[in-house]
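Undergrad: Below: one structure in structure tokens.
The values are calculated or read from the model by the stated rules, or taken from the named source; none is laboratory data. Fair warning: this is a prediction, and the values are worked out from it, not measured in the lab. We place every Cβ from the backbone using ideal geometry, glycine too, and count neighbours over all the protein chains shown.
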């Protein structure tokens with residue numbers, strides 16, 4: 001896997017940055033999100049993880065994607081929906097593609113990581129999760145695995161620095 005830190009990312013507010021600048025050496029949970037999906041209530045648990053573990057060096061990063069035709073049309077609408085409906089405080093990118101030839105470079109790299117069953121490859125649906133350590137290690141969790149699932153929490157706890 002290539003160095004993830006240098007991969008360019010555009011924020012939901014349209015500012016250019018890099019994955020490394022967004023994570024700033026923190027443990028990051030990268031999630032392809034969508035506002036009109038049956039799994040959208042996972043935003044509540046994602047924000048809860050952000051509030052619980054943020055002070056210990058963790059961040060969620062949302063990557064809105066309309067690849068499954070369930071995301072709002074503009075970055076402004078996404079930002080408004082996420083803040084007013086779910087109280088999202090974690091960073092989010094501009095809309096990206098997660099599969100196919102136009103997939104965002106970060107997702108091209110992350111998709112090489114196998115899940116617990118040993119399957120790598122395409123993102124299967126909204127809310128697929130990739131836990132990325134500051135050293136670049138990655139653990140993958142499929143969409144129906146909720147953010148506060150014991151497997152996800154255990155992985156966060158394992159990789160977070162002690163405080």
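Undergrad: Going by the structure shown, is residue 40 modelled with pLDDT of 95 or more, farther than 19 Å from residue 140 by Cα and surrounded by fewer than 20 Cβ atoms within 10 Å (Cβ to Cβ)?
TA: Against the criterion (modelled with pLDDT of 95 or more, farther than 19 Å from residue 140 by Cα and surrounded by fewer than 20 Cβ atoms within 10 Å (Cβ to Cβ)), residue 40 does not qualify.
Undergrad: Considering only residues that are in contact (Cβ under 8 Å) with a residue 60 or more places away in the chain and part of a loop (DSSP other than H, G, I, E, B), look in the stretch 23-39 and name the one that is nearest to residue 104 (Cα to Cα). Outline the logic, then answer.
TA: Taking the stretch 23-39 and keeping what is in contact (Cβ under 8 Å) with a residue 60 or more places away in the chain, we get 23, 25-34, 37, 39.
Adding the requirement that they be part of a loop (DSSP other than H, G, I, E, B) leaves 25-26, 34, 37, 39.
Numbers: 25: 21, 26: 21, 34: 16, 37: 21, 39: 22 Å.
Only one residue fits best here, namely 34.
Undergrad: Follow-up. For the stretch 1-22, how many residues are closer than 24 Å to residue 121 by Cβ and either free of Cβ contacts under 8 Å to residues at least 12 places away in the same chain or buried (at least 20 other Cβ atoms within 10 Å of the Cβ) (or both)?
TA: Of the stretch 1-22, the ones closer than 24 Å to residue 121 by Cβ are 1-9, 19.
Still in the running and either free of Cβ contacts under 8 Å to residues at least 12 places away in the same chain or buried (at least 20 other Cβ atoms within 10 Å of the Cβ) (or both): 4, 9, 19.
Final tally of qualifying residues: 3.
Undergrad: Tell me which residues, restricted to the stretch 92-143, are surrounded by fewer than 21 Cβ atoms within 10 Å (Cβ to Cβ), touching a residue at least 60 places away in the same chain (Cβ under 8 Å) and part of a loop (DSSP other than H, G, I, E, B).
TA: Matches in the stretch 92-143: 94, 96, 112, 113, 125, 133, 134, 136, 143.
Undergrad: If you don't mind, another one. Provide a single number: the residues in the stretch 12-22 that are touching a helix residue (DSSP H, G or I) at 6+ places or on another chain (Cβ under 9 Å), at negative phi and not in a helix (DSSP H, G or I).
TA: Going through the stretch 12-22, the residues touching a helix residue (DSSP H, G or I) at 6+ places or on another chain (Cβ under 9 Å) turn out to be 12-14, 19.
Keeping just the survivors that are at negative phi gives 12-13, 19.
Restricting the remaining residues to those that are not in a helix (DSSP H, G or I) gives 12-13.
Number of matching residues: 2.
Undergrad: Just to check your reading of the model, which residue among 59, 52, 89, 85 is surrounded by fewer than 21 Cβ atoms within 10 Å (Cβ to Cβ) and either modelled with pLDDT under 95 or assigned to a loop (DSSP other than H, G, I, E, B) (or both)? Steps first, answer last, please.
TA: Values: 59 fails: either modelled with pLDDT under 95 or assigned to a loop (DSSP other than H, G, I, E, B) (or both); 52 fails: either modelled with pLDDT under 95 or assigned to a loop (DSSP other than H, G, I, E, B) (or both); 85 fails: either modelled with pLDDT under 95 or assigned to a loop (DSSP other than H, G, I, E, B) (or both).
Being surrounded by fewer than 21 Cβ atoms within 10 Å (Cβ to Cβ) and either modelled with pLDDT under 95 or assigned to a loop (DSSP other than H, G, I, E, B) (or both) holds for just one of 59, 52, 89, 85, which is 89.
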